[in-house]
Amino acid sequence: MAKVEMKSISKVYDGGVRAVDNANIVVEDKEFVVLVGPSGCGKSTTLRMVAGLEDITEGELLIDGEKMNDVPPKDRNIAMVFQNYALYPHMSVYENMAFGLRIKKVPKAEIDKRVNEAARILDIEKFLDRKPKALSGGQRQRVAVGRAIVRNPKVFLFDEPLSNLDAKLRVQMRAELSDLHLRLNATMIYVTHDQVEAMTMANKIVVMKDGKVQQIGAPLYLYNWPVNKFVAGFIGSPPMNFLNVRVREDGNSIMLDEGSFKLKADSSHNEFLKSYIGKEVFFGIRPEDLMYSEKDAANSMTVKVTVVEPLGADIHLWLTTEKQPLVARTEPNHTFKVGDTAIFIPRMEKARYFDKDTELAIIPSPDL
C-alpha cells in the first residue's frame, strides 16, 4: 500500500473559484482517512485530484514519494468506488469485476483467482453469474468494491459510496467497510457528508469547509477538542449547543451570564476566559453533557421543553431558554411533555468556548 501526501494543493476553476484552497493532508500507509464536510466544501474535488480526474492547479500530490500531478489516472495504481456504483448493466457480476483486468491483459487464471478471492471476502460468491439489475443496492455496492479490490491498488478512494443505501443498510455497510480495511490492511481515503460515518470508520478525520481544511485529527480528538465553532457544531450528533453568554468576574470565579441564568465556569478554564471579562462569547455544551435534575440545583439552567423526540435508547429534548434554543440528550426513564419546565446541570468541565468574532476555540487543545 502507499502513503499519500497533498502539499498545499488547490483547485481553481474558471472565474477564480477556489474549490480547494491550499490543502495540506497526509494519509499514512494503511490508514483510513475520511474527508468530511457539507456539500460544496471541496472534499470530492480533493478526492478527484488524488484520482487524477481533476487537474491540480497549485501544489503537489505524492503517492509513495512520487509526484503524481501529471501522471494519468490509469498509471496511479489507485481504485475508486463511486456513489452510483457505475456497473455495466449488460455484464454479469463476474464480468464487471474482471473487466479492468482483462483490459490490462491479465492472464485468465490470475483473473479467476482475484475475482473469486474478492467475491469470497465480500460474500458475493453466489451472485457472480447475476446481472446488476438482479441485485439489491447493498449487493451492487459490494460488487463495486470488489471491482476495486481485484486491482490490488496502492490506494482505495471512496466517494460517498453509501449515500444511495437505506439507513439500516448504511449501518451494516459501514461495519463491513471498516472490517474490509482491517483485512486488506489498505490505505483508504473516504469522502462523506455524514459525520456519523466519519466518526465510526476513520482512523483520522479531515474536516473541510469552503474549500479549506478546518482541522485534522482522530475522531474523539476532534469531538473533544474542536479548533473552531464550525468543527464543534459539525462533529457530534445532535450537534453541540452554542449559547451567547457574557463573561463576568465574581471574586475568584468566572461567571457566564446568559440573561435568564448564570453559570460558574470550571476553575480550569478561568485563565483562558479572563481576557474576555465583560465580553460576549459562544458557550458550547454538547447535548449529552446536560444532566437533568428533578429539583433546583446549583449551577443549573431552567429551560422550557419545545419538542420531545423519543429514540428508544435515549430522548432528544429540544429546549429554549428565555431567548435561545438548545438540545439535551437524556435517558428514557424520564417523562417530558411539550411546555414543561425542566432543570439541567451542564458538565462545566466539558464546556467549550469560542470567540464571537473569529469563532476560534478559546481553550487550546492539550497539544498546543
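Would you calculate, for the chain, the mean residue ellipticity at 222 nm contributed by helices, counting each DSSP H stretch of 4 or more residues as -39,500 (n - 2.57) and dividing by all residues, to the nearest 500?
Using -39500 (n - 2.57) per qualifying helix, the result is -7000 deg cm²/dmol.
Quote to one decimal, in nm, the extra length available between Asp55 and Val171 on full extension: 0.36 nm per residue of separation minus the C-alpha distance between them.
Gain on extension, Asp55 to Val171, equals 38.4 nm.
Reachable lysines from Lys337, Cα under 16 Å, same-chain residues fewer than 8 places away excluded?
The reachable lysines, counting only those whose Cα sits under 16 Å from Lys337, are Lys304.
In region 218-260, whose amide N lies under 14 Å from the spot 7 Å out along Cα-to-Cβ of Thr321? List them in ranges.
241-248, 255-260
How much length is gained on full extension from Lys133 to Ala313, taking 0.36 nm per residue of separation minus their Cα-Cα distance?
Stretched out fully, the Lys133 to Ala313 stretch lengthens by 61.1 nm.
Please go through the residue pairs Lys30/Lys67; Lys43/Lys113; Lys209/Lys279; Lys74/Lys212; Lys229/Lys274 and name each one whose alpha carbons sit more than 31 Å apart in this structure.
Table pairs above 31 Å Cα-Cα are Lys43/Lys113.
What per residue convex hull volume, in Å³, do the alpha-carbon atoms of region 32-167 yield?
134 Å³
Determine ³J(HN,Hα), in whole Hz, for all residues of region 301-313 in sequence, where each value follows from phi through the Karplus function 6.51 cos²θ - 1.76 cosθ + 1.60 and θ = phi - 60°; x replaces Gly and Pro.
Couplings: 10, 9, 9, 10, 7, 10, 9, 10, 10, x, 10, x, 6 Hz.
Under a point spin-label approximation (7 Å from Cα along Cα-to-Cβ), what is the Asp75-Val17 distance to one decimal in nm?
Once both label points are built, they end up 3.1 nm from each other.
Suppose R0 equals 51 Å; then what is the FRET efficiency for His334 and His90 from their Cβ-Cβ distance, rounded to the nearest 0.05?
0.35
Provide the per residue accessible area, probe 1.4 Å, for region 275-366, rounded to a whole number of square angstrom.
Result: 53 Å² of accessible area for each residue.
Show log10 I(q)/I(0) for region 250-357 at q = 0.14, 0.17, 0.22, 0.24 Å⁻¹, two decimals, from a solvent-free Debye sum over equal Cα scatterers.
Values, matching the q order: -0.57, -0.81, -1.23, -1.40.
With all pairs of different alpha carbon atoms counted, what Kirkwood hydrodynamic radius in Å does region 192-260 show?
Radius from the Kirkwood sum: 13.8 Å.
Using only Cα atoms, what is the ratio of the radius of gyration of the chain to 2.2 N^0.38 Å?
1.18
Could you work out how far the C-alpha centroid of region 1-66 sits from that of region 264-309, in angstrom?
What the calculation gives is 39 Å, centre to centre.
In nm, what is the difference between 0.36 nm times the number of residues separating Glu349 and Lys113 and their Cα-Cα distance?
Full extension of this stretch gives 79.4 nm more.
The values are calculated or read from the model by the stated rules, or taken from the named source; none is laboratory data. As the structure is a computational prediction, the values presented were derived from the model and not from experiment. With ideal geometry, Cβ positions are generated from the backbone for all residues, glycine too; neighbour counts draw on all protein chains shown. Quick note on the areas: whole protein, heavy atoms, side chains included, nothing else; ligands and nucleic acids left out. Shrake-Rupley method; radii C 1.70, N 1.55, O 1.52, S 1.80 Å.
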